[in-house]
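Trainee: Here it is: the structure, laid out below.
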Amino acid sequence: MAAETVKSVKDDLAASFRIAAMHGFNEGVDNHFSAVHPAREDWFFLNRYGPHWSEITADDIITVAFDGQVVEGEGEWDVTAFMIHRGCHRAHPGARVVFHTHQPYATALSITRGGLDTRLSQNATHFHNRVGRLPYGGLASGEEEGNRIGGAISEGQIAVILDNHGVMVIGRDVPEAWFRLYFFERAAQVQVLAQSTGDELIRMPEHVAAQAQVFFDSETHAPAALFAAERRREARLRG
Ligand SMILES: [Zn+2]
């Protein structure tokens, strides 16, 4: 992992919004991604409220302190964004990057009893035994609900399904968080499509899913490769 600078993290974070928009993961101008400041554990980068994800640049990324003060950049934070991301960064110092979306297939599974079945598709095995769930508690407009959502990811987990709401993933850097968000949605999409056939689904054995999960994690070069490719594609499409 290359040494992170303020500029590199903000550039990657801004690009991740445009890439997510390219995939249709955005919810209007809502939802939010954040990353911890490389030099301050109590500061994090967050998208300012207002721009469409497809137009976000590093100038739209504000630096926010845990007390809510915007310490760098122009713009305001959305209250639910601040509450959720502060809650998560405070609860999980290892979660350097936190993505929250209402991406459609993951959100569809958030309203099903079974959620993501990590023994149905190869993509889903990446999340085997690593996805939490949290009952819906209303909009995170206050510190208590923000802390409840932010603290919902247990040790060893990389994603949490927010029931009746959406999904949150964490990563050690932006490429890793993007890799997880992308494969979560692809796994959810395939599951929803398969379930829509009404046919009986084939579940792989537990030990096979566990092996596949270990393999996914050993592919340490994959997140950076995917993110670089996504950045090139997004730049081409933007012209
Ligand atoms: Zn949300």
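Only the coordinates and a few stated rules stand behind these numbers; no lab work does. Everything quoted here is computed from the prediction, not taken from an experiment. Ideal geometry is used to build each Cβ from the backbone, glycine not excepted, and the neighbour counts take in all protein chains shown.
Trainee: Quick one: longest stretch of the chain between exposed loop chymotrypsin sites (Phe, Trp or Tyr not before Pro), exposed meaning at most 16 other C-beta atoms within 10 Å and loop per DSSP?
Mentor: 137-239
Trainee: Using a cut-off of 15 Å between beta-carbons, work out the net charge of the residues near ALA235 (Lys and Arg +1, Asp and Glu -1, ALA235 not included).
Mentor: Here the count lands on +1.
Trainee: Obtain the radius of gyration and the Kirkwood radius of the chain from its C-alpha atoms and give Rg over Rh.
Mentor: Reported Rg/Rh, Kirkwood definition of Rh: 0.95.
Trainee: A follow-up question, please. Would you kindly derive the ³J(HN,Hα) couplings of region 105-113 from the backbone phi angles with the Karplus curve 6.51 cos²θ - 1.76 cosθ + 1.60 (θ = phi - 60°), listing them in order in whole Hz, with x for Gly and Pro?
Mentor: Residue by residue, region 105-113 yields 6, 4, 5, 4, 5, 5, 9, 9, 4 Hz.
Trainee: Need one number: % antiparallel among DSSP beta bridges in region 6-233, to the nearest 5.
Mentor: Roughly 85 percent of the DSSP beta bridges within region 6-233 come out antiparallel.
Trainee: Continuing with this model, one more query. Around THR220, under 13 Å between beta carbons, what's the net of Lys plus Arg minus Asp minus Glu among the other residues?
Mentor: Summing Lys/Arg as +1 and Asp/Glu as -1 gives -3.
Trainee: Indicate the gyration tensor shape class of region 114-239 (rounded, prolate or oblate), computed on the Cα atoms with a ≥ b ≥ c the square roots of the eigenvalues: a/c under 1.5 is rounded; otherwise a/b larger than b/c is prolate and the rest oblate.
Mentor: rounded
Trainee: By DSSP, what percent of the beta bridges with both residues in region 123-202 are antiparallel, rounded to the nearest 5?
Mentor: Antiparallel bridges make up about 50 percent of those DSSP assigns within region 123-202.
Trainee: Only sites in a loop by DSSP and with at most 16 other Cβ atoms within 10 Å count here; which GluC sites (Glu not before Pro) in region 63-157 make the cut?
Mentor: Sites meeting the loop and neighbour criteria: GLU74, GLU76, GLU155.
Trainee: Specify the inter-centroid distance of region 27-97 and region 190-239, based on alpha-carbon positions, in whole Å.
Mentor: Here the two parts' Cα centres lie 27 Å apart.
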